[in-house]
1. Does segment 147-165 hold any residues that are among the hydroxyl-bearing types (Ser, Thr, Tyr) and crowded, with 17+ Cβ neighbours inside 10 Å, and which are they?
2. Considering only residues that are basic (Lys, Arg) and surrounded by fewer than 19 Cβ atoms within 10 Å (Cβ to Cβ), which ones fall in segment 189-230?
3. Report, by residue number, each residue of segment 36-64 that is in contact with a strand residue (DSSP E or B) (Cβ under 7 Å, 6 or more places away or on another chain) and closer than 13 Å to Leu148 by Cα.
4. Go through (1) charged (D, E, K, R); (2) more than 12 Å from the chain's Cα centre (by Cα); (3) closer than 25 Å to Leu37 by Cβ for Arg189 and report which single condition fails.
5. Checking the condition modelled with pLDDT of 95 or more, of a type outside the set (A, V, I, L, M, F, W, C) and surrounded by fewer than 14 Cβ atoms within 10 Å (Cβ to Cβ), which residue from Arg87, Arg82, Arg117 passes?
6. Let me confirm something: among Leu118, Leu110, which residue is farther than 30 Å from Pro266 by Cβ, of a type in the set (A, V, I, L, M, F, W, C), out of contact with any His (no Cβ under 7 Å at 6 or more places or on another chain) and not in a helix (DSSP H, G or I)?
7. Based on what the data block shows, is Arg52 outside any loop (DSSP other than H, G, I, E, B), touching a residue at least 12 places away in the same chain (Cβ under 8 Å), charged (D, E, K, R) and farther than 17 Å from Thr166 by Cβ?
8. Regarding segment 166-173, can at least one residue be identified that is within 21 Å of Gly83 (Cα to Cα) and surrounded by 19 or more Cβ atoms within 10 Å (Cβ to Cβ)?
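The values are calculated or read from the model by the stated rules, or taken from the named source; none is laboratory data. Remember, predicted model here, so these are calculated numbers, not experimental data. As a convention, Cβ positions derive from the backbone with ideal geometry for all residues, glycine included, and neighbour counts pool all protein chains shown.
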Amino acid sequence: MVAGVLAREREGREVKVEQQTGLSASLTGVTALAMKLRARDTLSPEEEQVLRDAVGEIREIRPGHVIVRSGDQLDVSVLLERGIVARYKDLADGERQIQELHIIGDFVDLHGFLLKRLDHNIGAVSACRIALVPHSRLTRITEQHPHLARLLWFSTVLDASIQRETILSVGRRSAIARIAHLVCELSIRLGIIGLGDRHGFPLPIKQMDIADATGLTSVHVNRMLKQLRDEEMMTFRNGLVTIHNWDRLAEVAEFDPIYLHLERFPR
């Protein structure tokens, strides 16, 4: 009887996550970005419209495509409209380290507005849709909309905070804690835009991508996912993460969301 109840609870969570997958189809990159900014400060309707007006060309990107290549000169920045994108560096032998997984509403290379070249690659992990924002329009925002410019600056500082946590994970956390921490982080980030919660979320990536994001081998990731499943903490199947026990998962990860800076402050 207990097993039956648990099975029904899991099925309910999987249905909810599948519904969240459908929601992503109607969510635009600017809307998602606005939701993230409003979670940390006020954003006026006028400022949101400025963001919409800044968007230029929309492109569909296939999985595995390099959107921004290290060293290329940049005159646009990329806002993610749909899918999962990775910020990564790689070695001559093809080994790759993902430094951050980007989700809908992330400006994946906003720091390129000032740097003009990146020292790393930006690549599509899943099928993606991106919006290109010309740097000339970003310059206009910095000159005419100082509060909005500070919020965009905040988003680049937040990226740096997430990457510091990734360094800690890869350098010091155990294998199972690395995966648990990544899942906890993505559940919070996706939850801000209504695409995830403590029960789960869509994650259209492969185990190899999880391996590259956590500094593990695919074989090791497979073992850790099995352990997490056997201990009834979470399941990753068919591009869906189902969380069975958030408290236990967060405990294993030693997850503290302070680095995501979720407080609302005037900025």
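1. Here is the first cut: in segment 147-165, the ones among the hydroxyl-bearing types (Ser, Thr, Tyr) are 155-156, 161.
Passing the criteria: only Ser155.
2. Step one: list which residues in segment 189-230 are basic (Lys, Arg), which gives 189, 198, 206, 223, 226, 229.
If the condition is that a residue be basic (Lys, Arg) and surrounded by fewer than 19 Cβ atoms within 10 Å (Cβ to Cβ), then Arg198, Lys206, Arg223, Lys226, Arg229 are the ones that fit.
3. Matches in segment 36-64: Ala54 only.
4. Of the numbered conditions (1) charged (D, E, K, R); (2) more than 12 Å from the chain's Cα centre (by Cα); (3) closer than 25 Å to Leu37 by Cβ, the odd one out for Arg189 is (2).
5. Working: Arg87 fails: surrounded by fewer than 14 Cβ atoms within 10 Å (Cβ to Cβ); Arg82 fails: surrounded by fewer than 14 Cβ atoms within 10 Å (Cβ to Cβ).
Going through Arg87, Arg82, Arg117 in turn, just one is modelled with pLDDT of 95 or more, of a type outside the set (A, V, I, L, M, F, W, C) and surrounded by fewer than 14 Cβ atoms within 10 Å (Cβ to Cβ): Arg117.
6. Leu118
7. On the way: outside any loop (DSSP other than H, G, I, E, B): yes; touching a residue at least 12 places away in the same chain (Cβ under 8 Å): yes; charged (D, E, K, R): yes; farther than 17 Å from Thr166 by Cβ: yes.
The answer is yes for Arg52.
8. Kept after step one, since they are within 21 Å of Gly83 (Cα to Cα), are these residues of segment 166-173: 166.
When the remaining residues are screened for being surrounded by 19 or more Cβ atoms within 10 Å (Cβ to Cβ), the result is 166.
Yes, that holds for at least one residue.
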